[in-house]
Amino acid sequence: MNLKKILTVLLLLSAAWTEAKEYRRAGNAVSFRKARIEVLSPTMFSVREGDGYRFAPVRTDLGVVALPSAPVEYTVAQTGGVFRIATDRMTVVYDPSLPLAEGGVRVEPADGSLPVVARLDAEDGANLGGVVGALDNCDGPRCHAEQNDITSKWEYRRIPMDGILSRRGYTVLKHTPDALNLYRAGEAFDELYVMCYGEDYRTAFADFYAVAGPIPMYPKWSLGLIWSRWKDYDDEDYKRIVARFREERIPLDAVILDMCWHVDHWYGYKYDTVNFPDMRAFQRWCDEQHVKTGFNHHSGCIYKDDPKVREFCRRAGLDYERSIVAGPSFEPEIRVVQYDTRNERHFKAFYDLYLADMIADGFDFHWVDGANSIYSSELYRKYLSEGTGRRPLVLNRLHSYTLCNHRYPAGFSGDTYATWATMRYTLEATIKGANNGVNWSHDIGGYMPQGADGYIPDGEMFARWTQLGAVSPLMRFHAKKDVFWFPAKSCPDGWDGGSRLPWEWGPTVEESLRRSVRLRAALNPYIYTMMRRAHDTGVTLCRGLYIDYPGADESYRYDEFLFGDAMLAAPAMRPSGNGQHGLTERSLWLPEGMWYDYFTAESVEGGREISRVSDICTFPLYVKAGALIPMAVPADCVSAPLETLVLRAYAPAAACHTEFDLYEDEGENFDYERGACRRTLLVYDGTADGPQRFTVEAPRGSYPEAVAERTYRVELVGAPEPASVTVNGAACGDWTWRDGVLTAECGTFPVAEKVTIEIRRDHENS
């Protein structure tokens with residue numbers, strides 16, 4: 001072989017070697033000359049641009065709080081100049097000859113659920129929605145053209161509603177300095193995160209929250225009724241309101257002092273000593289009633305004559321005179337000191353001089369009215385958590401317009417109109433918000449009367465909205481103080497359409513409201529466990545049916561939703577035509593299997609559309625056959641100890657083995673992060689017409705406030721009349737069977753003991 005041939009062979013070998021080494025693999029990351037792809041999970045990867053294997057450090061910030069560190073099994077293959085990085089769930093295709101987001105990186109799931117290889121810049125026409133903004137001044141999807149100008153024309157304006165889930169099976173996220181947001185074609189980026197999940201939406205949640213941070217644990221009391229209204233109440237008014245709730249047997253966990261607690265316009269922080277002559281004494285009284293208190297304040301400004309404002313400016317590093325600006329458009333005559341809610345030095349001065357003192361006086365949570373950024377949300381979370389040692393609840397408008405609002409409990413819907421259209425839109429937004437992990441609260445009953453069509457709210461709408469609230473992430477009454485919004489319409493003389501006091505709406509509506517709030521309280525053990533699951537998995541309490549039934553086209557609708565793992569809610573959203581005394585009919589779709597009407601115990605076969613007629617006290621709420629729902633006996637507040645555990649089960653069509661891992665903790669502190677919690681496995685072994693068995697296993701773990709003994713009650717729906725009930729082998733004489741529902745009082749036992757309840761029929765004991 002001559003020298004020329006030898007050199008040719010050597011060059012070819014060198015080229016082949018170079019081609020084979022055009023990437024570097026280290027752990028989960030594969031680096032190329034112009035790109036770095038990191039496999040974060042079997043269904044998620046990130047991609048960054050670089051130059052000659054040089055890449056900027058991976059950021060962890062308010063958008064990406066952490067990156068998964070566990071090794072992921074994957075392979076790298078090269079065909080020509082194209083690389084394929086494959087896990088058992090997806091394949092990432094990298095073509096260095098193309099720009100990254102213009103075909104340079106493509107993705108396909110291993111199961112072939114995507115018909116073609118998907119480009120990162122492909123338009124997402126199948127996004128399932130999400131909520132990243134408030135619904136201020138909305139009457140359904142119609143909003144004023146100018147958000148705060150009620151004289152402007154009405155137009156249709158959809159609140160930004162793109163979320164992390166798409167029916168196309170993958171989502172591309174852009175990492176910005178403060179958040180993760182959806183990537184739009186043509187946008188510049190430093191780093192993209194791509195989730196490839198097909199119809200496995202639960203995996204998408206797990207991937208997203210692994211990098212964006214979990215949904216927090218809410219204080220237990222926040223899952224009960226929160227009552228509020230913008231009105232000039234004083235301390236005696238609140239005492240009368242709390243006492244009346246107790247008298248009417250309507251559970252109440254918290255009240256909000258809106259604008260009545262302070263003087264000096266919207267931005268003052270001096271107590272109104274006429275309304276509240278002794279704020280600490282009032283707070284002590286609320287504590288004695290087991291009622292939490294929150295207060296409304298407007299961040300970003302302090303009234304210029306506030307006694308602490310000059311000290312605030314000194315600590316914040318602000319020039320007092322130069323920081324004075326005019327008040328809002330509706331109060332332009334006032335002057336305020338403006339500060340940056342995103343600046344930690346400013347916020348610390350505000351917290352130290354104002355919020356800390358109010359917390360010391362007894363306030364439990366905060367309603368931050370006005371626009372908020374993700375920075376200010378993070379500062380509220382940080383300082384309140386560290387300063388109090390309690391899980392914070394900060395109600396704020398979802399104005400940060402990011403996909404990371406889920407980390408900050410909790411959003412509220414904004415100032416909407418009290419109309420049926422708004423209620424329906426609120427239901428849609430609740431379902432779509434769950435796609436982003438948002439647990440928000442809406443103003444039950446609506447905030448402002450008279451929307452685009454001049455509608456005046458009535459008791460029927462308030463009752464139906466309360467039913468929606470009972471199965472929402474949070475349940476909160478609120479309304480505007482004045483009745484009139486548009487002068488062209490007026491309410492009947494002496495009628496207060498903004499009242500959120502149940503007893504002021506007549507006995508029929510009050511009874512409906514009472515049942516809804518008591519339903520919420522009764523379901524609290526189930527709700528609280530589902531909130532812990534949301535914290536662990538990202539799967540929210542309220543969610544679209546498609547999360548659990550992705551293969552059914554009927555599940556992709558926004559007028560019904562899953563409430564936890566075992567219940568389906570389809571609240572009545574339209575008037576009956578005969579007010580509070582009429583019947584409302586609506587259609588809904590039930591997934592495959594047998595379901596039970598929660599209120600009537602009637603069973604119905606799913607896999608089809610059905611029609612449900614509801615009176616003012618009920619609404620379509622269904623439970624899966626075979627389900628086991630832990631419940632409580634409604635008390636004054638949901639934070640009361642769970643001394644009686646109700647095991648409510650629904651007989652299966654054939655046979656079932658159902659497990660429910662009941663979760664409990666102290667309810668307010670962070671000790672659960674260090675293992676201070678209790679989990680109790682509840683088991684229901686049921687048959688269609690044979691024996692039934694309930695088992696309460698000995699708990700795992702504990703916490704100082706946990707009850708040492710517990711009374712058990714069994715409620716079995718849909719089973720034939722039994723002949724006997726035994727508890728740990730001993731006969732139970734205190735049981736009844738009526739209209740297909742067995743109720744058995746099973747006695748009181750130490751929580752540490754295993755309890756077995758068996759139910760048998762006549763032929764089984766003959």
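Of (1) more than 16 Å from GLY362 (Cα to Cα); (2) over 30 Å from the mean Cα position of the chain (by Cα), TRP285 satisfies all except one. Which? If we test TRP285 against (1) more than 16 Å from GLY362 (Cα to Cα); (2) over 30 Å from the mean Cα position of the chain (by Cα), just (1) comes out false.
Yes/no per residue for (1) at positive phi; (2) modelled with pLDDT under 90; (3) of a type outside the set (Asp, Glu):
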site: PRO109; (1), (2), (3): no, yes, yes
site: LEU128; (1), (2), (3): no, no, yes
site: ARG142; (1), (2), (3): no, yes, yes
site: GLU155; (1), (2), (3): no, yes, no
site: ARG158; (1), (2), (3): no, yes, yes
site: ALA185; (1), (2), (3): no, yes, yes
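Any residue that is part of a helix (DSSP H, G or I), at pLDDT 95 or above and more than 24 Å from LYS220 (Cβ to Cβ) - is there at least one of those in the range 565-576? Scanning the range 565-576 turns up no residue that is part of a helix (DSSP H, G or I), at pLDDT 95 or above and more than 24 Å from LYS220 (Cβ to Cβ). Does the range 731-741 contain any residue that is under 34 Å from the mean Cα position of the chain (by Cα) and not assigned by TED's automatic domain parsing to the domain that holds HIS290? Checked the range 731-741: at least one residue is under 34 Å from the mean Cα position of the chain (by Cα) and not assigned by TED's automatic domain parsing to the domain that holds HIS290. Residue count for the range 367-415 under the criterion of being among the polar types (S, T, N, Q) and over 22 Å from GLY130 (Cβ atoms): the result is 2. All conditions in (1) closer than 19 Å to MET631 by Cα; (2) surrounded by 13 or more Cβ atoms within 10 Å (Cβ to Cβ); (3) among the β-branched types (Val, Ile, Thr) hold for THR736, with the sole exception of (2). Of the strands (runs of 3 or more DSSP E) lying entirely inside the range 668-738, the ones with 1 or more residues being aliphatic (A, V, I, L, M) are found at 677-687, 692-696, 709-717, 724-727.
Scanning the range 200-213 for residues being touching a Ser or Thr at 6+ places or on another chain (Cβ under 9 Å), in a helix (DSSP H, G or I) and farther than 17 Å from ALA410 by Cβ gives a total of 9.
Quick check on ARG310: is it free of Cβ contacts under 8 Å to residues at least 24 places away in the same chain and surrounded by fewer than 22 Cβ atoms within 10 Å (Cβ to Cβ)? So ARG310 fits the description; yes. Checked against the criterion of being under 30 Å from GLY387 (Cα atoms), in contact with a strand residue (DSSP E or B) (Cβ under 9 Å, 6 or more places away or on another chain), touching a residue at least 40 places away in the same chain (Cβ under 8 Å) and of a type in the set (A, V, I, L, M, F, W, C), the candidates ALA676, ALA706, ALA653 yield just one match: ALA706. PHE208 meets the stated requirement of being surrounded by 24 or more Cβ atoms within 10 Å (Cβ to Cβ) and assigned by TED's automatic domain parsing to the domain that holds GLY125. Return a yes/no flag: does the range 329-337 have any residue that is in contact (Cβ under 8 Å) with a residue 24 or more places away in the chain, surrounded by 15 or more Cβ atoms within 10 Å (Cβ to Cβ) and in contact with a Ser or Thr (Cβ under 7 Å, 6 or more places away or on another chain). The answer is yes, given that some residue of the range 329-337 is in contact (Cβ under 8 Å) with a residue 24 or more places away in the chain, surrounded by 15 or more Cβ atoms within 10 Å (Cβ to Cβ) and in contact with a Ser or Thr (Cβ under 7 Å, 6 or more places away or on another chain). Go through the range 236-261 and report how many residues are surrounded by fewer than 21 Cβ atoms within 10 Å (Cβ to Cβ) and either in contact with a helix residue (DSSP H, G or I) (Cβ under 8 Å, 6 or more places away or on another chain) or within 19 Å of GLU668 (Cα to Cα) (or both). Summing the residues that are surrounded by fewer than 21 Cβ atoms within 10 Å (Cβ to Cβ) and either in contact with a helix residue (DSSP H, G or I) (Cβ under 8 Å, 6 or more places away or on another chain) or within 19 Å of GLU668 (Cα to Cα) (or both) in the range 236-261 gives 6.
Looking at the range 350-370, is at least one residue under 25 Å from PRO177 (Cα atoms), in contact with a Gly (Cβ under 9 Å, 6 or more places away or on another chain) and either polar (S, T, N, Q) or modelled with pLDDT under 95 (or both)? Within the range 350-370 (the criterion being under 25 Å from PRO177 (Cα atoms), in contact with a Gly (Cβ under 9 Å, 6 or more places away or on another chain) and either polar (S, T, N, Q) or modelled with pLDDT under 95 (or both)), the answer is yes, since at least one residue qualifies. If the condition is being more than 23 Å from the chain's Cα centre (by Cα) and either of a type outside the set (S, T, N, Q) or in a strand (DSSP E or B) (or both), then the range 176-192 contributes PRO177, TYR183, ARG184, ALA185, GLY186, GLU187, ALA188, PHE189, ASP190, GLU191, LEU192. Only a single item in (1) assigned to a loop (DSSP other than H, G, I, E, B); (2) without any contact (Cβ under 8 Å) to a residue 40 or more places away in the chain is not met by PRO216, and it is number (2). So, in the range 715-733, how many residues would count as being out of contact with any Cys (no Cβ under 9 Å at 6 or more places or on another chain), closer than 22 Å to ASP689 by Cβ and surrounded by fewer than 19 Cβ atoms within 10 Å (Cβ to Cβ)? Qualifying residue count, the range 715-733: 5. Of the strands (runs of 3 or more DSSP E) lying entirely inside the range 601-657, not one contains at least 3 residues that are of a type in the set (A, V, I, L, M, F, W, C) and at pLDDT below 95. There is at least one residue in the range 512-524 that is closer than 28 Å to TYR238 by Cβ, assigned to a loop (DSSP other than H, G, I, E, B) and modelled with pLDDT of 90 or more.
Filtering the range 507-524 to residues that are among the β-branched types (Val, Ile, Thr) and either under 14 Å from ARG246 (Cα atoms) or surrounded by fewer than 19 Cβ atoms within 10 Å (Cβ to Cβ) (or both) leaves THR508, VAL517. Going by the conditions given, is ARG342 surrounded by 15 or more Cβ atoms within 10 Å (Cβ to Cβ), modelled with pLDDT under 95, in contact with a strand residue (DSSP E or B) (Cβ under 7 Å, 6 or more places away or on another chain) and over 20 Å from ASP415 (Cβ atoms)? No, not satisfied.
Please verify whether the range 533-541 includes one or more residues that are modelled with pLDDT of 95 or more, part of a strand (DSSP E or B) and crowded, with 18+ Cβ neighbours inside 10 Å. Looking through the range 533-541, none of the residues is modelled with pLDDT of 95 or more, part of a strand (DSSP E or B) and crowded, with 18+ Cβ neighbours inside 10 Å. Here's a check for you: in the range 211-232, which residue that is surrounded by fewer than 21 Cβ atoms within 10 Å (Cβ to Cβ) and more than 20 Å from the chain's Cα centre (by Cα) is nearest to HIS297 (Cα to Cα)? It comes out as TRP230. Any idea which of ARG280, ARG315 is at pLDDT 95 or above, of a type in the set (D, E, K, R) and out of contact with any Leu (no Cβ under 9 Å at 6 or more places or on another chain)? Exactly one of ARG280, ARG315 is at pLDDT 95 or above, of a type in the set (D, E, K, R) and out of contact with any Leu (no Cβ under 9 Å at 6 or more places or on another chain), namely ARG280. Could you check the range 739-766 and list, in sequence order, the residues that are loosely packed, with under 14 Cβ neighbours inside 10 Å and in a strand (DSSP E or B)? THR748, PRO750 - these are the residues of the range 739-766 that are loosely packed, with under 14 Cβ neighbours inside 10 Å and in a strand (DSSP E or B). The set of residues in the range 411-426 that are surrounded by fewer than 24 Cβ atoms within 10 Å (Cβ to Cβ) and aliphatic (A, V, I, L, M) contains only ALA421.
Condition check: among the hydrophobic types (A, V, I, L, M, F, W, C), assigned by TED's automatic domain parsing to the domain that holds PRO42 and out of contact with any Ser or Thr (no Cβ under 7 Å at 6 or more places or on another chain). Does PHE245 satisfy that? Spelling it out, it is not the case that PHE245 is among the hydrophobic types (A, V, I, L, M, F, W, C), assigned by TED's automatic domain parsing to the domain that holds PRO42 and out of contact with any Ser or Thr (no Cβ under 7 Å at 6 or more places or on another chain). For first residues located in the range 602-623 and of a type in the set (Asp, Glu), partners that are at pLDDT 95 or above and lie 6+ apart or on another chain with Cβ distances below 6 Å form the pairs GLU605/MET594; GLU609/SER587; GLU609/TRP589.
The values are calculated or read from the model by the stated rules, or taken from the named source; none is laboratory data. Everything numeric here is computed off the predicted structure, so don't read it as measured data. Note: ideal-geometry Cβ built from the backbone for every residue, glycine included; neighbour counts use all protein chains shown.
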